[in-house]
Amino acid sequence: MLQLFSSIYKEILIIIRDKAGIAILFLMPMVLIFVMTLIQDSTFRKLDESRLEILFLDYDQDSLGMAIKQGLQGSGFFELATTYENKFLDQELIHQLLNKGKFQIGIIIPNGATNTIRNKAELIVSQAFDSNDSTNINEVKAQDDATIILYFDPAIKNSFKQSVKNSLQNFTFAIEAKITFDYLAEEFSDILSSPNNIYFDPKGSIRFEELYATDEHTEIIPNSVQHNVPAWAVFAMFFILIPLTGNIIKERDNGTAMRLEIMPSSYLVVLIAKALVYIFVCFIQFCLMLLVGMVFLPMFGLPVLELGPNKMALFIMAISTAIAATSYAILLGTIASTHEQAASFGSVSVIVLAALGGIWVPVFIMPGFMQAISIVSPLNWGLEGFYNIFLRGGGIKSILPFVGLLIGFSIISVFIAYQFRRFRKV
Amino acid sequence: MTKESLIKIEKLSKTYKGADEPALKNISFTIPGNEIFGLLGPNGAGKTTTLNILCGYYKKDSGTVQINGYSLDKNLKEIKKIIGVVPQDIALYETLTARENLRFIGNMCGMRGKKLNNRINECLELLSLDKSSYRLVKTYSGGMKRRLNLIAGLLHEPKILFLDEPTVGIDVQSRTVILEYLKELNKKGTTIIYTSHYLEEAEQLCSSIAIIDYGTILIEGNLQSLIKSKSEYSDLETIFLQLTGRKLRDN
């Protein structure tokens, strides 16, 4: 025990005397979580100050153009620009502005688009009520359909492009349905010789209710903070490998590891002490990142991070992730020949494992084979475990499979490191 | 084990993985107790390999080693208790003070409390580091680091002390302090096995020597007897050059 406590004390002294190292260990993860959560949050949430400006050219100047304009403005995501530097827009100017990357989306509503809808609606209604009318609707459609032109910045993401198209389709369907309905109502009014008192409800009769499949008795509301803080916390914890591999390799290079190995005590004690100290450091990192979510992010208008009712589950999950991160660092520190090798391979491997594990992009939107691969990433196990606590309101039982995987990964990592050390012994 | 053979090495061989030539080729020699024994040789001769095998850091391929009657193969734990090693590298923690380094090393050797503190004070004083013992090692000069490196190897008062080039790259003053201290230590009964490139220093310090080259022991015995054994051997340097030649060694 004397050797263990002495080694722990030595590691603590080395850490606290390295001011730059402390900044990397504690400040950088806080900065990372702060920046990443703010950025990711602003991408998705509805903020007046972050509305996307769309170039909007309405040649129609009728119901369709107005409906699209009102719909886009009313969505809260977009702001419509009809001029640029006091110049009226035209197709050429829109093309140029998007090509230069000054705007991301341009919409051109063609002249007579509403009339096209009206003509088609009139034809459908007249055919429905007049059996002698033999006009083929498909022919009319092919000849007279109006085309709304959508310009996109080539750099825009496909998913975002798709959501803009879906919104526009909703607005056009609604206006088509309304015009057709108005013609039908008028026809009925004529047939029944009574005033037209049928009206079209554009909101429809179907409502949506959002329910979250969380465990009972939880008051956690899923939001960007609940998503991002655990995700980036797992990512940052695995970066413990930079200082820990450096520590192991430095000890090997300057001969202190040799000195310790030829002492009567076991070098394993030194390694265990190192692991315990760095697991504790990881845990402190995690607590600081939670603090960012609970105190600092709300100062910037984001929701407060809710820890949920299962604090013990949270503690177990944090310690398991810290053990996995530390074990991975011990493995790399043992295998790598130089600190440069360990730092560059280690950083890239954590980024790859984070990408695979769903830290950058949710696993469910990955291609099938990537989803299959993602389950081998320890960062995925950490993330899923934390999601069970932070988003699904789960308790200890719900995280046990992930804790098992993380501890199993740690045992295998340390075992490989030990075998490699024996193999490399001269 | 008698005074004449505190360390007994027989047919010791070692070839590094991937190397064409063996680093040690069936070497055999004995080191008497209570002596300062110089293991001398050019770069890459096999000195450090021999020391690292003797202290259990490297594995040998074949041969037997007996230290104080203990077999290296069977009693490594016992051997570790009676040996001290001063490696060629400054094997210290730069961001700890001298005292913190020594306290940690002492604890790792099983020392604690007042006994350890007294021993640390004694060693620091003897090697003139007591006044700077609360400074971080990274602020030390090369000579101070070498002296502290030496203390770290002998803090637990080992019966046998292995020194791998303990005076490399330091000033005359530090070298003198170290050599005087080693002589003092030997007088108190510590057997010292020492490697160096400084033949003058070895001649001044060692009672017996072995010269090793290309993994083979070329000569072994009492230094004064060796010098007297041939008329062309005027000093250690002439013996060394006659046996190892003048060809440059680039390790």
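Values as computed for the structure displayed
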{"item": "Proxy reagent accessibility, fewest Cβ within 10 Å first, across A:VAL295, A:VAL270, A:VAL234", "result": "A:VAL295, A:VAL270, A:VAL234"}
{"item": "Burial ordering of A:SER265, A:SER75, fewest other beta-carbon atoms within 10 Å first", "result": "A:SER75, A:SER265"}
{"item": "Residue pairs, from the table B:LYS77/B:LYS115; B:LYS81/B:LYS183; B:LYS59/B:LYS159; B:LYS47/B:LYS77; A:LYS250/B:LYS247; A:LYS10/B:LYS17, whose Cα atoms sit over 30 Å apart", "result": "A:LYS250/B:LYS247; A:LYS10/B:LYS17"}
{"item": "Cβ-based charge dipole, chain B, positive-most Cα from B:LEU129, B:TYR194, B:LEU205", "result": "B:LEU129"}
{"item": "Separation in nanometres of the label points that stand 7 Å from Cα toward Cβ, at B:ASN34 and A:ILE156", "result": "9.4"}
{"item": "Peptide-level mean, for A:262-270, of C-beta atoms on other protein chains within 10 Å", "result": "5"}
{"item": "Order of A:MET66, A:MET317, B:MET144 - criterion: other Cβ atoms within 10 Å of each residue's Cβ, fewest first", "result": "A:MET66, B:MET144, A:MET317"}
{"item": "Interatomic Cα distance distribution for the stretch A:48-192, bins of 5 angstrom, percent", "result": "2, 9, 16, 19, 17, 12, 9, 7, 5, 3, 1, 0"}
{"item": "Euclidean distance between Cα centres, the stretch A:95-117 to the stretch B:1-40, Å", "result": "88"}
{"item": "Cα long-axis angle, helix B:142-154 against chain B (0 to 90 degrees, to the nearest 10)", "result": "90"}
{"item": "Estimated dipole of the stretch B:3-244 in Debye, rounded to 20 [Cβ of Lys and Arg +1, of Asp and Glu -1, Cα centre]", "result": "1180"}
{"item": "Efficiency of FRET between B:LYS77 and B:LYS138 - r from beta-carbon atoms, R0 35 angstrom, step 0.05", "result": "0.55"}
{"item": "Relative contact order (%) - criterion: Cα under 8 Å, at least six apart; region: the stretch B:3-244", "result": "26"}
{"item": "Dipole moment magnitude, nearest 20 debye, chain A about Cα centre, only Lys, Arg, Asp, Glu C-beta charged", "result": "3180"}
{"item": "Approximate spin-label separation A:PHE26-B:GLN204, in nm, with each point projected 7 Å along Cα-to-Cβ", "result": "5.0"}
{"item": "Dipole of the protein assembly as shown [Lys/Arg +1, Asp/Glu -1 at C-beta], most positive-end residue of B:LEU102, B:THR244, A:PHE188", "result": "B:THR244"}
{"item": "Shielding by partners - mean other protein chain Cβ count within 10 Å, residues of A:5-18", "result": "3"}
{"item": "Tensor-based shape of the stretch A:347-426 (alpha-carbon gyration tensor, a/c under 1.5 rounded, otherwise prolate or oblate)", "result": "oblate"}
{"item": "Size of the stretch B:3-244 as Cα extents on the principal axes (Å, biggest first)", "result": "50, 41, 37"}
{"item": "Contour excess over end-to-end distance, with Cα ends at A:SER75 and A:ASP145 and 0.36 nm allotted per residue", "result": "22.6 nm"}
{"item": "Links that overshoot a 19 Å alpha carbon limit, given the list B:LYS8/B:LYS187; B:LYS145/B:LYS187; A:LYS69/A:LYS165; A:LYS274/B:LYS131; B:LYS60/B:LYS80; A:LYS120/A:LYS161", "result": "B:LYS8/B:LYS187; B:LYS145/B:LYS187; A:LYS274/B:LYS131; A:LYS120/A:LYS161"}
{"item": "Fluctuation leader among A:MET289, A:MET312, A:MET36 - chain A, Gaussian network, Cα springs under 10 angstrom", "result": "A:MET312"}
{"item": "Helix axis angle, A:378-390 relative to chain A longest principal axis, alpha carbon, degrees", "result": "70"}
{"item": "Cβ crowding within 10 Å averaged over residues, with A:356-369, A:272-285 ranked highest first", "result": "A:272-285, A:356-369"}
{"item": "CD proxy at 222 nm, helix term only [per DSSP H run n ≥ 4: -39500 (n - 2.57); per residue of chain A; nearest 500]", "result": "-21000 deg cm²/dmol"}
{"item": "The stretch A:358-426: trypsin sites (Lys or Arg not before Pro) in DSSP coil with no more than 13 other Cβ atoms inside 10 Å", "result": "A:LYS425"}
{"item": "Translational diffusion of chain A, µm² s⁻¹ [Kirkwood Rh, Cα pairs; Stokes-Einstein; 10 °C; 1.306 mPa s]", "result": "60"}
{"item": "Theoretical FRET efficiency, 1/(1+(r/R0)^6), r = Cβ-Cβ of A:ASN115 and A:LEU307, R0 60 Å, to 0.05", "result": "0.55"}
{"item": "Computed E for A:ASP190/A:ASN170 - FRET, C-beta separation, R0 25 angstrom, nearest 0.05", "result": "0.20"}
{"item": "Residue-averaged [θ]222 nm for chain B, counting only DSSP H segments that reach four residues, each worth -39500 (n - 2.57)", "result": "-11000 deg cm²/dmol"}
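Since every read-out is calculated from the coordinates, none of them should be taken as a lab result. In this text the structure is predicted, and so the values were computed from the model without any measurement. Don't worry about glycine lacking a Cβ; one is built from the backbone with ideal geometry, like all the others, and counts go over all protein chains shown.
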